[in-house]
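The values are calculated or read from the model by the stated rules, or taken from the named source; none is laboratory data. Being a predicted model, the structure only gives us computed values, none of them experimental. Virtual Cβ from ideal backbone geometry, glycine too; neighbours counted across all protein chains shown. Remember, those area values only see protein heavy atoms, side chains included, never the ligands or the DNA or RNA. Shrake-Rupley method; radii C 1.70, N 1.55, O 1.52, S 1.80 Å.
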Amino acid sequence: MSLYTSLCSSVLFPLHEALKKHSTVRVRKAMERSQWLGVDEIRQAQVKDLTRFLTDIGQHVPYYRTLFAALDFNPGQVTSLADLARLPLLDKPTIRANLDKMRAEDAEGLARFNTGGSSGEPLIFYIGSRRVSHDVAAKWRATRWWGVDIGDPEAVIWGSPIELGAQDKIRLIRDKLLRTHLIPAFEMSQEKLDGFVARIRQIRPKMLFGYPSALAHIASHAEKHGVAMNDLGIKVAFVTSERLYDYQRDKIQTVFGCPVANGYGGRDAGFIAHQCPEGAMHITAEDIIVEIVDKQGKPLPNGELGEIVVTHLATRDFPFIRYRTGDMGILSDKACACGRGLPLLEEIQGRTTDFVVARDGTVLHGLALIYVLRDLEGVDAFKITQDSLDKTSVQIVKTDAYRAESEQRIVAEFKKRLGDTVNVAIEYTDYIPKERSGKFRYVISHVKP
C-alpha cells in the first residue's frame, strides 16, 4: 500500500465519513471481524439482529405497525430466520402505494433515491445514513479482499444518468482526493471508445469498477485496435448491476490482465454479495438475509433455483423486508476455501425477464438465444426482445463480415428453441441504445415464465 493510499484509507476518508455522520469505518472493521465467524455463529447473530430490527420498525414504521397487527405477528417472538416467511413479500407496487407509510416516524436526514427503471417504471424510495454506512462498508470490505483500498487509483466506468447527474463540486473534490476517476460510458461510439481506452491508460488504475457489458466492450475495442491494456498494473475489475457472462469475464481478464470480481446488488436492495479471490459469492450476512422463493413466494431449500428475496437489516428508516429483487438464484450449503463463514450464493441467473418462454411453455434462459448471435460472424451488437409467445424481435448491428445466409440461420435456430410457429423479426440498425439506467440488457422478455 502506498503512503498516499494509507493516508486516504486511514485519515481522509474516515474524516469525510465522520463529517457526514456516517459510521462506515466502524462498520467495515466490525465486518472484517465477523466474516471469520462460523456459519452457526453468523446465523445466530442474524436472528438476534432480525428480532431487534423487526421490533424497532414495528414501533416506528406505520406500514409495518399496521401489518404486524393485522397478522398478529410479534417480532419479539422471532426465534429463527424461517420466521420471516410469516410476513408477505414486498414488491415495487406495494412500496409505491405506501411510500409515506414506509418511512419511520422518527427518521431524520433521509435521502430520496430511485432505481434506474431498466425493467419498467422507476421505484422511488428513501435511504438513511445507517444504510449508507453499511452499504459503503460492505463494498469497502470486498475490495480489500483483492488488495485494493480507498485511495488506490480507481476507474469507474459507469453509464447511469443518475450517478452522472449527482456530480457536484464537493463530490468532485472528494473523488479527486481519493483518486476515483469517473468515466461516463453511457454512449459507446467509436470516438468515445478511443477516449475511454486512452483515459484508462492515463489513470493506470489499481481497480476498474463498472457494468460488465461496458468493460467488455471497451476491452474488445482495445483488443481490436491493438492497444495493450495488460501493462497498467490493474489488480481487479469489479463488475456489478448486470449479469456477468462467461465470455465477458474472459474478455475483461484477457485484455486488462486482471481477475474479474463479481458484485451482486442494486440501488434498492443494497450490496447483497461479493466474490472473493477463491471465486465464491459471499452474502453480506451482517446486513442481508437472502431467501430463495418459488412462484408462490414459498421459501426453497438450498440448491434449488428461485427468485432472490432480501431483507436488509440496516434499513430501519425505510425498511426493505422480504423484498423481491426480480432476480433468479440458488443458495449454497458449501464452505468457501477462503475460510469466511459468510453464506454463499451458488448461482445468480439474472432477472426473471432474462428468461424466455418457448411456445410449448418451456422456460429457457436467455443464453439459449444469446449464444446463437454471439458466435455468429459479422454481428457487432444485438438485442433480443420476446414480445409474446408468438413473436420475438432481434435488433442487430452488423459488420462487413455479416453474410446474407446468417439471417436464415438465426431464424432457424430461434425457431428450434422457441417453436416452429414463432415469428422471428430481424431489424438491422446502426446503434442499439442502453436502458434508461445505463445498463445494457441482451434479452428482454414480456412473457412471464
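Here are a few things to note about the model shown:
- In terms of its C-alpha gyration tensor, segment 1-114 comes out oblate, because a/c is 1.5 or above while a/b does not outweigh b/c.
- Note on the chain: Kirkwood hydrodynamic radius from all Cα pairs is 23.4 Å, rounded to one decimal.
- Sorting the segments 94-100, 145-151 by their mean number of nearby beta carbons within 10 angstrom, highest to lowest, gives 145-151, 94-100.
- Antiparallel DSSP beta bridges within the chain, as percent of all bridges there, nearest 5: 60
- Long-range Cα-Cα pairs in segment 1-55 (distance over 19 Å), rounded percent: 51
- Put Tyr371, Tyr64 in order of accessible area, highest first, and with a 1.4 Å probe you get Tyr371, Tyr64.
- For Trp36, the accessible surface of its heavy atoms amounts to roughly 130 Å² (probe 1.4 Å, protein chains only, rounded to the nearest 10).
- Take the chain with all the other protein chains still there, run a 1.4 Å probe, and you get 46 Å² of accessible area per residue.
- For the listed peptides 322-328, 295-301, a ranking on the average number of other beta carbons within 10 Å per residue, highest first, reads 322-328, 295-301.
- Across the protein chains, with a 1.4 Å probe defining accessible surface, the residues Ser6, Ser332 rank Ser6, Ser332 from largest area downward.
- Note: relative contact order over segment 31-142, using C-alpha pairs below 8 Å and six or more positions apart, is 24 percent.
- Within-10-Å neighbourhood charge of Lys295 [Cβ basis; K, R +1; D, E -1]: 0
- Counting protein heavy atoms only, segment 236-356 has 47 percent of its accessible area on carbon and sulfur, 1.4 angstrom probe.
- If R0 is taken as 22 Å, the Cβ-Cβ distance between Ile170 and Glu108 corresponds to a FRET efficiency of 0.60.
- Pairs from the table (Lys29/Lys334; Lys251/Lys398; Lys391/Lys448; Lys391/Lys415; Lys92/Lys295; Lys295/Lys416) lying more than 18 angstrom apart at Cα are Lys29/Lys334; Lys251/Lys398; Lys295/Lys416.
- With the whole protein complex present, Glu191 retains an accessible surface near 150 Å², based on a 1.4 Å probe.
- For segment 246-336, the alpha-carbon radius of gyration amounts to 1.21 times the rule-of-thumb value 2.2 N^0.38 Å expected for a compact globular protein.
- Its relative contact order, with pairs defined as Cα atoms under 8 Å and 6+ residues apart, puts the chain at 15 percent.
- Spacing of the two label points (7 Å from each Cα toward its C-beta) at Ala425 and Asp333, in nm: 4.8
- Once all protein chains are placed together, Asp246 keeps about 110 Å² accessible to a 1.4 angstrom probe.
- Reducing segment 328-345 and segment 70-106 to their Cα centroids gives an inter-centroid distance of 27 Å.
- The chain: calculated mean residue ellipticity at 222 nm from DSSP helix runs of at least 4, using -39500 (n - 2.57): -10000 deg cm²/dmol
- Residue of Gly329, Gly303, Gly339 that the Gaussian network model of the chain assigns the largest fluctuation, springs spanning Cα pairs under 10 Å: Gly339
- Legend: calculated FRET efficiency, Asp72 to Ala228, from the Cβ-Cβ distance at R0 = 56 Å, rounded to 0.05, equals 0.30.
- Against the empirical 2.2 N^0.38 Å (N residues), segment 224-276 has a Cα radius of gyration ratio of 1.28.
- On the basis of the beta-carbon distance and an R0 of 41 Å, Val47 and Asp194 show a calculated FRET efficiency of 0.15.
- Neighbourhood charge, 9 Å Cβ-Cβ cut-off, centred on Gln395 and excluding it, Lys, Arg +1 and Asp, Glu -1: 0
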